[in-house]
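J.: My questions all concern the structure below.
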Amino acid sequence: MTAKPAESADSLESGPPVVLETVEALRKAVRGWRTRGETVALVPTMGALHQGHLALIEAAFEAADRVVVSIFVNPAQFAPEEDFDAYPRAGEADLKHLAEARVDTAFVPSAAEMYPPDFATTVRVGAVTEGLCGATRPHFFAGVATVVTKLLLQCLPEAAIFGEKDYQQLVAVRRLVRDLDIPTRIIAVATVREPDGLAVSSRNAYLTPEQRRIARSLSAVLHAMAERLAEGAPAIQQVDRGMAELGVAGFDGVEYLAVCDADSLEPISSVERPARVLAAVYLGTTRLIDNVPVAPAARA
Ligand code: PAF
């Protein structure tokens, strides 16, 4: 990656972002900003930046004077049979997006910087990571929790920004920050969607045109379920109906479709408090996740 030299991390000029590759350089830059009374927001990413990430960056600028975007495809959150090698890596294109978004600092550590050979610590968040995606990807949340904890401790930002698209990840990060007394405010940003409703995701690039056509039904099914649940429909009935609708739409498999409490992620039978409808589905080998909020109907 080409970029401004690290020394200019303290200037607020626009242009290509300063790329910092070591924890030491990141800490030095953050210390310099703090000395001048500037606040810092971190946007953790795995690169392949898209509109969803740009919305996170926008929220970061509203929260702090300085925005650090980390780009690190975290091997610890991929199982051996998953798409770590194939995961899109955009390099220069990511830096161009960051420059356009006026981000002046990218933290792009190597795997060796994040996980030296004798690395031996794993952060695990309990109950909220056990169901939903955690049921089939048990390694995933430990990998995310470990890398997010490291990034927060490396940068010590006042705020860190996460998308609601990965809702269970957001809940897990909120929980770990609370449990470990990490002094960072977690800011959630609503899912960015394509005009037909498909949640923007780096993995959408894997879809064939036919799969892409089917994919749009996922958000339509979830939103329709959320509307009926808000009107008082029982969750079990809506899950059955949603499963049937996803089948008719042409999805190759449904890993889960669930109605859960928005904070605990416990499955619920009816919506009395803020809730979430969440799903993971397959189109060929591509796994898509999505979720939508459900607000309980106001009682007379
Ligand atoms: O959501 C992501 O892109 C990743 O899970 C995160 C939070 C950057 C950790 O690697």
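J.: Go through the residues of segment 219-235 one by one and say whether even a single one is open to solvent by less than 60 Å² (accessible area, probe 1.4 Å) and more than 21 Å from ARG276 (Cβ to Cβ).
T.: There is no residue in segment 219-235 that is open to solvent by less than 60 Å² (accessible area, probe 1.4 Å) and more than 21 Å from ARG276 (Cβ to Cβ).
J.: Do any strands (runs of 3 or more DSSP E) lying entirely in segment 240-300 carry at least 3 residues that are small (Gly, Ala, Ser) and touching a residue at least 40 places away in the same chain (Cβ under 8 Å), and which ones are they?
T.: Fully inside segment 240-300 and qualifying: 275-283.
Residues checked against (1) modelled with pLDDT of 95 or more; (2) within 13 Å of the ligand (Cβ to nearest atom); (3) crowded, with 22+ Cβ neighbours inside 10 Å; (4) among the charged types (D, E, K, R):
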position	(1), (2), (3), (4)
GLY47	yes, yes, yes, no
HIS53	yes, yes, yes, no
PHE72	yes, yes, no, no
ASP85	no, no, no, yes
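J.: Right, VAL68: in contact with a Leu (Cβ under 6 Å, 6 or more places away or on another chain), open to solvent by less than 30 Å² (accessible area, probe 1.4 Å) and under 22 Å from GLY15 (Cα atoms) or not?
T.: Yes: the conditions hold for VAL68.
J.: Something else now. Checking ARG124 against (1) over 19 Å from SER70 (Cβ atoms); (2) among the basic types (Lys, Arg); (3) within 14 Å of the ligand (Cβ to nearest atom), which single condition isn't satisfied?
T.: (3)
J.: Sticking with this one: List the helices (runs of 4 or more DSSP H) that sit entirely inside segment 98-211 and contain at least 3 residues that are open to solvent by less than 70 Å² (accessible area, probe 1.4 Å), in contact with a Leu (Cβ under 8 Å, 6 or more places away or on another chain) and not polar (S, T, N, Q).
T.: Output list reads 138-155, 167-179.
The values are calculated or read from the model by the stated rules, or taken from the named source; none is laboratory data. Just so it is clear, the structure is predicted and the values come from calculations on it, not from any experiment. Using ideal geometry, Cβ is built from the backbone for each residue, glycine included, and neighbour counts are taken over all protein chains shown. For accessibility, only protein heavy atoms count, side chains too; no ligands or nucleic acids. Shrake-Rupley method; radii C 1.70, N 1.55, O 1.52, S 1.80 Å.
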